[in-house]
Amino acid sequence: MATINDNYLKLKAGYLFPEIARRVNTFAEANPDAKLIKLGIGDVTEPLPAACRTAIIKAVEEMGDRATFKGYGPEQGYPWLREKIATHDFQSRGCEIEAGEIFISDGSKCDTGNILDIFGKDNKIAVTDPVYPVYVDTNVMAGHTGDADDSGKYEGLVYLPITAENNFTAEIPSEKVDLIYLCFPNNPTGATASKDYLKTWVDYAKANGSVIFFDAAYEAFITNPDLPHSIYEIEGARDCAIEFRSFSKNAGFTGTRCALTVVPKTLTAKASDGSDVELWPLWNRRHCTKFNGVSYIVQRGAEAVYSEEGQGQVKALVNFYLENAKIICDQLTAAGLTVYGGVNAPYVWVKTPNGLSSWDFFDKLLNTANVVGTPGSGFGAAGEGYFRISAFNSRENVDEAMQRITDKFKV
Ligand code: PLP
């Protein structure tokens, strides 16, 4: 008789987005004329940059000609893309990352989950609370946790609260942890990390033999010149960190799919016999065995991000969403709400007023302004009392949503 991976039964049945959909549907049935504006989802709305489209179309034509047709490419990605990423995203910022340390993939979601394949079962794992749910669920699937308690916390994980009190930056835990997920600019709080702050984690990881998983999916939204874009801007990070990046949010590739993971060749972890083993060959083996590369067409599209034209267009796209975020921050503040994030990030993290729970605030916003956001408690117990508003939307929707909140929403 076949058996299942029982760990899947521990997963809390995707509660957040189905519950949002249920409440929105109930409201829409009772108020068929209401025009709902959804500012809840982290998906982009604006079209692919022209430079990417042109490159993709050219690549499609090449695939139609026997002389330029491409079959399987290198699993790790084409060298011309890896070189451009290494030079532009890392070396230009003083990071000693080579093209050979960059693995092209079809998404940071997959990479942040798949990375666990090369680590042991007994690592102590730390996540922030609130957190991008993929980090938690993939650890549950891999059998790294016990069951969840009533607040949704899984036994065995170390939760590091991030709240206004600590400026949404987790404190170093008192107990020793082996794997740490850090995400900056942060989803869902929109918080950023200074070099000094990241250095405390790099120092901790080096002192304890830990590995940091650094998710930089939103690095393009950093406008403050003092903030680091990569963990490798911190001295010593090559020896203790893996970084994840994506073309989803800077170049609008959520539906096109292209991302990258950096595994430095100097990074090691312990084998069960106590010896130090390099992680690069393990990830390379994993990647080549379970993945057959991102399509040539898509990689050409991603390469165009680094052309002069592409750079300008990506910057314009990011600025557009950042302007949305500014409008949201300004208008919500004017309406009497306290907001965080939204400056070097596309997410605005709102403190719910008058002690309202995240879900009560959701209902209030839905009923008074017909605006949908995401309850902070859905990202973790410490997200209770907060609410996420996404800047990924058309200007028209953002303006109208904010106007309605200013007009109708009384704190
Ligand atoms: N990491 C974070 C923090 C995210 O918020 C997201 C998407 O919302 C991802 C990774 C997923 O990126 P990708 O589209 O490359 O899978």
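Each reported figure results from applying straightforward, stated rules to the coordinates on display, with no laboratory input. Just so we're clear, the structure is a prediction, and the values are computed from it rather than from any experiment. No Cβ is skipped: glycine too gets one built from the backbone with ideal geometry, and neighbour counts run over all protein chains shown.
Numbers for the structure displayed
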{"item": "Those trypsin sites (Lys or Arg not before Pro) in the range 165-271 that DSSP places in a loop and that have at most 16 other beta carbons within 10 Å", "result": "Lys176, Lys265"}
{"item": "Base-10 log of normalised Debye intensity for the chain (one unit scatterer per alpha-carbon) at q = 0.07, 0.08, 0.10, 0.11 Å⁻¹", "result": "-0.34, -0.45, -0.71, -0.86"}
{"item": "Estimated distance in nm for a label pair at Lys408 and Glu98, the labels positioned 7 Å out from Cα along Cα-to-Cβ", "result": "6.0"}
{"item": "Whole-Hz couplings from phi, Karplus 6.51/-1.76/1.60, listed for the range 246-254; x for Gly and Pro", "result": "9, 8, 5, 9, 7, 10, x, 8, 4"}
{"item": "Förster-model FRET efficiency, 51 Å R0, Lys290 and Thr338, C-beta, rounded to 0.05", "result": "0.70"}
{"item": "Charge tally in the Cβ shell below 14 Å around Ser272, where Lys, Arg are +1 and Asp, Glu are -1, Ser272 excluded", "result": "-2"}
{"item": "Amide H partners (placed H, <5 Å) of Cys183, local residues excluded", "result": "Asp215"}
{"item": "Charged-residue dipole, Cβ positions (Lys, Arg, Asp, Glu), the chain about Cα centre, Debye nearest 20", "result": "620"}
{"item": "Loop-located trypsin sites (Lys or Arg not before Pro) in the range 59-115, at most 12 other Cβ atoms within 10 Å (DSSP)", "result": "Arg66"}
{"item": "Theoretical gain in end-to-end length, Asp360 to Glu278 [0.36 nm per residue, Cα-Cα removed]", "result": "24.6 nm"}
{"item": "Residue-count net charge about Val348 - beta-carbon cut-off 13 Å; Lys, Arg +1, Asp, Glu -1", "result": "+1"}
{"item": "Gain on full stretching of the segment that runs from Arg23 to Val60 - 0.36 nm per residue minus C-alpha separation", "result": "9.0 nm"}
{"item": "Amide H contacts under 5 Å for Val372, placed H, 5+ residues apart", "result": "Ile37, Lys38, Leu39"}
{"item": "Under 11 Å, Cβ to Cβ, from Glu75 - net charge with Lys/Arg +1 and Asp/Glu -1", "result": "+3"}
{"item": "Cα-Cα over 27 Å, subset of Lys84/Lys195; Lys176/Lys326; Lys35/Lys326; Lys58/Lys84; Lys12/Lys265; Lys249/Lys351", "result": "Lys176/Lys326; Lys12/Lys265"}
{"item": "Stretchable slack from Glu235 to Asp330, in nm (0.36 nm times residue separation minus alpha-carbon distance)", "result": "30.5 nm"}
{"item": "For the range 3-82, radius of gyration divided by Kirkwood radius, i.e. Rg to Rh on alpha-carbons", "result": "1.21"}
{"item": "Solution diffusion estimate, µm²/s, Stokes-Einstein, the range 298-382, Kirkwood Rh from C-alpha pairs, 10 °C, viscosity 1.306 mPa s", "result": "105"}
{"item": "Compactness of the range 163-205 - radius of gyration and Dmax, Cα, Å", "result": "10.5, 27"}
{"item": "Residues with amide H under 5 Å from that of Leu157, placed H, sequence gap 5 or more", "result": "Gly146"}
{"item": "Cα-based equivalent ellipsoid of the range 88-146: semi-axis lengths in Å, sorted from largest, via gyration tensor", "result": "27, 13, 12"}
{"item": "Distance in nm between pseudo-label sites at Ile41 and Lys270 (7 Å out along the Cβ direction from Cα)", "result": "4.5"}
{"item": "Estimated inter-spin distance, Gln91 and Thr223, nm [label 7 Å along Cα→Cβ]", "result": "3.1"}
{"item": "Computed helical MRE - 222 nm, the chain, DSSP H runs ≥ 4 contributing -39500 (n - 2.57), nearest 500", "result": "-10500 deg cm²/dmol"}
